[in-house]
Each structure stands twice: as C-alpha cells, then as structure tokens.
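Student: Once you've had a glance at the structure underneath, I'll fire off some questions.
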Amino acid sequence: MGRFYVTTPIYYVNDVPHLGTAYTTIVADALRRFHQLTGDETFMLTGTDEHGLKIERQAKEAGLDPKAFTDKISERFREAWPKLEVVADRFIRTTDPDHEAWVAELWKTIEAKGDLYLDTYEDWYCVGCESFKTEKELEQPGNLCPIHKKPVERVKEETYFFKLSKWEKPLLDFYARHPDFIQPESRKNEVISFVQSGLKDLSVSRTSFSWGIPVPGNPKHVMYVWFDALANYRSALGDGDKANFWAPNAKVVHLVGKDILRFHAIFWPAFLLSAGYKEEEIPDVVFAHGFLTIDGHKMSKSLRNAVDPLKIAAELGPDVLRYHLLRAIAFGQDGDFDHAALIERYNADLGKNLGNLLSRVLGLCTKLMEGKVPTLGKFTPLEDEFFALAKNELATARQAWLDLEPHRALEATFALSSAANTYVDRAAPWASVKTDPAHTGTQLAVLLEALAALSAAIWPAMPKKSDAMRAQLGLPPIAPAEGKDVFPSELGGALQAGKPLAPSGALFQTFDKDGTKAVLER
Ligand code: ME8
C-alpha cells in the first residue's frame, strides 16, 4: 500500500468541457479509484489554466476583464466533472493566490541557481499553442502553425530565458535511468530524439501583455504561461501533509494528451531539476494518450456540441460514457468515438453480458433459493475450473490497472462476466435442483460471489452501477479505506449465507440503435 497522485492537464478556459477533456479526466478518476480500492492513499488533481495571451484576448472579445471571464468558464469545468462521477481532491486555478505565490518562489529559486537570464527574443509565436515556433516548423505559404493552421505572430521583445540547453544531458541521463517516465514507449522515443537534436534556451517571460503572474523583482514582465501552468502539479500540494504526495515513495502520474507531452516531459523535469529537486522527486510517469475523433472526424466545435459528454451522461448515465471511453479506446492510442459503437458495446457488454448475468442469477435465487444467499458447499471440477479462471482474470485486471491500461483491465473484468454466464449454462441450476438441490445452492452461491467480485472490479469505471449492483446483492456500496485492499483477487467470502437478496430490475436498459442515437443528439 502506498501513495498515488494522479493529475490531468489543467484546461484552458478558452473552451468549455468537451469529450476530449472529459476523456483525460475520466481516466484519471478511474485510475485513482482503482488505487483507492487497493488501499492506497490517493490524491487527484484537475483544474484550469487561466493566464496568457490567448485568454487575455478571448476575455477582451467577450467584453469581460480576464478575471471575470476566467471565473465564469472555470466554473463550467468545476461543475462538469462531478456530473461524470469524477471526484477530484483539488480543483486548482492558476489564479489561486497560493499557486501564484508558489510559482513566484519557484521562479526565485531557479533564478538564484543562475538558470534565468535577461536578453531579447525574436521569433514566431503561436497564440493557440502558447508556444514559440521555429521557422522550419511553420507551414507555407502563410507562416501557419502546423497544429492550429493559423498564421503565427512575429514576437520581438525583452525576455527572461531559462537555460534549457544546460539540462539537455541531465534530461537524457534521467530518461535513461527512469525508463517508465515517458509512456507509452513510442512517445518516449519521440521525446528522446527531440532532446538529442539539441535544446535551445526557453523564453519564459513576456512584456507585451499583462495577464499573467508578475516576474518577481521585474513586474514589467509576466511569466510564460507554461512556466506558470506546469507548476500547478506541485503548488497544489502546498508544504503541509499533502506534500507527502510528492515524496520519493509516492507514485506521481501525469496524464496528458499527446499534444502537450513535450512540455511535460522536457520543460517540467528541467524546471524541477534546476530548482534543486532530486531525481526521486521528479514525477514517476508522464503518460501521453492519443486523440479522439468523433464518428471518424476531427473534433470540431459543431461536432463537439453534438457529442457533449454532459448530455450523454444525462441521457444514458455517466457510467455508460465512462465505461465506453475506458474500454473502447486503447489508452495511449488514438481512438474514435462512434455513436453506434457506444450503443452496440453498451447493449453487448453491459446489457447482455453483465446486466443479464445479474438478473439471471437473482431470478434463479428468487425461484430456487427463496431469494436468499445459499450456502457454498462442495465443489465439482466445474466450480474449480470457474474459480481458477476468475482468479486469473482478476489478476489480469489488477495488473492492467497498475500498468495504466484501463481497456485491458475492463476486458479481463468482462471476460469474467462472460465466463460466469457460460458457467450458468453449463451448471444448469434449473436442472440440478431436481436431483441435487444442495449443489444447486453451491452453484448459485458461486455465481453470487462472482457478481460480488464484479461489482467491486467495475467500481473504478462505473461507481454508480457498482452501487446499484451491490444493492441488489444485499451488499453496501464500496467504501474504500486506506490500508485495506478490497480489489478482489479471487472469489469467495463476500456474501453471507441466508442474507436476503434484493433484485430490483434490469441494471442496464437496452437501447435500440436508432432510438438511442436520436436520444443522444436531441
Ligand atoms: O493544453 N482527444 O489545455 P487544453 C483527447 N492548458 N484528448 C483531448 C482532445 C481530444 N480530441 N482534446 C483535448 C492545455 N484533449 C494546457 C495544459 S497542463 C500544465 C496545461 C485533452 O485545454 C488532452 O488531455 O488545450 C489534451 O492534452 C488537453 O485536453 C489539452 O487541454
């Protein structure tokens, strides 16, 4: 048992929550819940990134001062996540006074180490990326940012530089000593070759606008928005008890989209090393996941509106969306969000597989066992085989969660559910009851134990459905406790013989494809 600290990017307030930002946030929440189940002490951080030129301009367009503008949009994010069953320990805003104070200290520390110097910068800047671009990165004609496809701006101004070049070799050494730091592997190689090709010093302040944290001792400058933003991961913990989540024995995992991997895998550890953090105080993992498309198309504003995660959660329940995103997309790879696939998977995995298992088993218990948990008696090879299989799938699921592979964890979990359905068919309790009713009790008790294990194993992905399932089994909701590992390792011991069951109808209603599509787009 240990400490697990997981973060999402802090999202720009130039947009409201959408499927892409919901995706990272849901994965973070599910991983955190898994670690809670294993008894770890956990902390999850999300929030909003509010400074910089992009936001200053957008506020102006909206006719608001930047603070009023960011207050408004930040609130949209804060309100959205609980509707997706996401529970964060802190929702940080880069305008929070404790964050601003912490970043100012970080600046001073790095300056005292001699890693900041004043000079003049002249280059291209993409406001969309909040990042400088080199000439050769631009698309011609028109000097376009390769990501935003919009013209970059020529910037010439006095700036503080961070001596990033000095950290090139230490970073490469760090990556070599910490092979898990950048994941997945393919992305790691990209970053390493980028660093190997040479790092230039980084401009970390601006003078041509004012919406940012003032540079200590030179308030003509505001800090570069990424210097400010990356620091949120550490500033959020402060210097009290929560700082233990940054201690060498805690596991720190940053989840990011592939668009912002370089900032996290290069700048962030360089800032920390420069500020005197030891190698073991650098985060353990920066995981860059892929990008989602919608029905095969890049996420444009109109498409995003059609697939609003909050709308889907309101119609189908947050757990259904969570399950689909976690299960359908191999974490790390690009993936497509497809309405029809969502419904298909919903009907197949949730309705026909897990939902059906629950109603079948509870129906049989009502009919054959007076609606009570039967006694687990002697096993035949069929039960032995099923128990062994369950142990195996649960071990695979546990390992997959630990390896940041939610899709594989759920695949194994649902393989157990399928195996339980097969076991029902093979054991045929409706027939065995005529010849050996005691053994029928064992068969149904085995199945109830499988359902109890499943109800815990789905909790990271589907907390509400887990509660509903457990209520039908006569079990209390999952309530993780630090130091207590309750992620099931094998079947048995969850239910008490004689306790009443409480069937209350289908766990998942099934939807017809077209009908639901209409519901989703309403
Ligand atoms: O980059 N598919 O904020 P941002 C999957 N403020 N994930 C997506 C996505 C998509 N189509 N679109 C967005 C910033 N995301 C900075 C971060 S952190 C110190 C500062 C997710 O609002 C994904 O996690 O542009 C991506 O990295 C993030 O949103 C970008 O959010």
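Student: Run residue 248 past the list (1) touching a residue at least 24 places away in the same chain (Cβ under 8 Å); (2) over 23 Å from residue 147 (Cβ atoms); (3) not in a loop (DSSP other than H, G, I, E, B) and report the number of the one that doesn't hold.
Tutor: Only one criterion is unmet by residue 248, namely (3).
Student: Pairs needed: first member in segment 479-501, of a type in the set (Lys, Arg); second member anywhere, surrounded by 11 or more Cβ atoms within 10 Å (Cβ to Cβ) and not in a loop (DSSP other than H, G, I, E, B); C-beta distance under 7 Å; at least 6 residues apart or different chains.
Tutor: Short answer, once both residue conditions are applied: 499/372.
Student: Considering each of 450, 471, 481 in turn, give the residue that is aliphatic (A, V, I, L, M) and within 24 Å of the chain's Cα centre (by Cα).
Tutor: None of the others qualify; the one that does is 481.
Student: Being more than 25 Å from residue 288 (Cα to Cα), within 14 Å of the ligand (Cβ to nearest atom) and crowded, with 21+ Cβ neighbours inside 10 Å narrows it down to one residue among 48, 70; which is it?
Tutor: Criteria check complete, one pass: 70.
Student: Condition check: farther than 16 Å from residue 265 by Cβ, without any contact (Cβ under 8 Å) to a residue 40 or more places away in the chain, out of contact with any helix residue (DSSP H, G or I) (no Cβ under 7 Å at 6 or more places or on another chain) and surrounded by fewer than 13 Cβ atoms within 10 Å (Cβ to Cβ). Does residue 173 satisfy that?
Tutor: Criteria not met by residue 173.
Student: Pick from 108, 136, 54: which is buried (at least 19 other Cβ atoms within 10 Å of the Cβ) and either within 31 Å of the chain's Cα centre (by Cα) or more than 30 Å from residue 463 (Cβ to Cβ) (or both)?
Tutor: Among 108, 136, 54, only 54 is buried (at least 19 other Cβ atoms within 10 Å of the Cβ) and either within 31 Å of the chain's Cα centre (by Cα) or more than 30 Å from residue 463 (Cβ to Cβ) (or both).
Student: Could you pull out every one of the helices (runs of 4 or more DSSP H) wholly within segment 1-86 that has 3 or more residues that are free of Cβ contacts under 8 Å to residues at least 40 places away in the same chain and farther than 30 Å from residue 486 by Cα?
Tutor: Correct list: 66-83.
Student: Answer yes or no: is there a residue in segment 6-20 that is touching a helix residue (DSSP H, G or I) at 6+ places or on another chain (Cβ under 7 Å), modelled with pLDDT of 95 or more and more than 10 Å from the ligand (Cβ to nearest atom).
Tutor: Yes, segment 6-20 contains at least one residue that is touching a helix residue (DSSP H, G or I) at 6+ places or on another chain (Cβ under 7 Å), modelled with pLDDT of 95 or more and more than 10 Å from the ligand (Cβ to nearest atom).
Student: Hey, can you tell me all the residues within segment 324-341 that are surrounded by 19 or more Cβ atoms within 10 Å (Cβ to Cβ) and in a loop (DSSP other than H, G, I, E, B)?
Tutor: 329, 331, 332
Student: Further, regarding this structure: Here are some residues: 357, 321. Which one is over 21 Å from the mean Cα position of the chain (by Cα), in a helix (DSSP H, G or I) and either under 30 Å from residue 436 (Cβ atoms) or not aromatic (Phe, Trp, Tyr) (or both)?
Tutor: None of the others qualify; the one that does is 357.
Student: Sticking with this structure for a sec: I'm trying to understand the selection: among the residues of segment 206-236, which are among the polar types (S, T, N, Q) and either surrounded by 22 or more Cβ atoms within 10 Å (Cβ to Cβ) or within 13 Å of the ligand (Cβ to nearest atom) (or both)?
Tutor: Correct list: 232, 235.
Student: Right, something else. Here is a check on your reading of the model: is residue 90 surrounded by fewer than 18 Cβ atoms within 10 Å (Cβ to Cβ), within 13 Å of the ligand (Cβ to nearest atom) and at pLDDT 95 or above?
Tutor: no
Student: Having 3 or more residues that are at pLDDT below 95 and within 11 Å of the ligand (Cβ to nearest atom) is the bar; report the helices (runs of 4 or more DSSP H) wholly within segment 261-318 that clear it.
Tutor: none
Student: Ok, one more. Which residue out of 179, 146 is at pLDDT 95 or above and assigned to a loop (DSSP other than H, G, I, E, B)?
Tutor: Exactly one of 179, 146 is at pLDDT 95 or above and assigned to a loop (DSSP other than H, G, I, E, B), namely 179.
Student: Which residue pairs have Cβ atoms under 9 Å apart, sit 6 or more places apart or on different chains, and have a first residue in segment 380-400 that is more than 16 Å from residue 449 (Cβ to Cβ) and a second that is surrounded by fewer than 16 Cβ atoms within 10 Å (Cβ to Cβ)?
Tutor: What qualifies is 395/489; 395/490; 398/489.
Student: If you check 303, 350, which single one turns out to be surrounded by fewer than 22 Cβ atoms within 10 Å (Cβ to Cβ) and over 18 Å from residue 24 (Cα atoms)?
Tutor: Checking each option against the conditions leaves just 303.
Student: So, one more: Restricting to segment 179-205, name every residue that is within 16 Å of the ligand (Cβ to nearest atom) and closer than 16 Å to residue 130 by Cα.
Tutor: 202, 204
Student: Might you let me know whether segment 237-255 holds any residue that is under 13 Å from residue 107 (Cα atoms) and more than 10 Å from the ligand (Cβ to nearest atom)?
Tutor: no
Student: Picking from 191, 127, 155, which residue would you name as being modelled with pLDDT of 95 or more and on the phi < 0 side of the Ramachandran plot?
Tutor: Residue meeting the stated conditions: 191.
Student: Only one of these is touching a Phe, Trp or Tyr at 6+ places or on another chain (Cβ under 6 Å), of a type in the set (Phe, Trp, Tyr) and either buried (at least 24 other Cβ atoms within 10 Å of the Cβ) or over 24 Å from residue 211 (Cβ atoms) (or both): 4, 43. Name it.
Tutor: 43
The values are calculated or read from the model by the stated rules, or taken from the named source; none is laboratory data. Remember, it's a predicted structure, so these values are computed and weren't measured experimentally. Cβ sites come from the backbone with ideal geometry, for glycine too, and all protein chains shown count toward neighbours.
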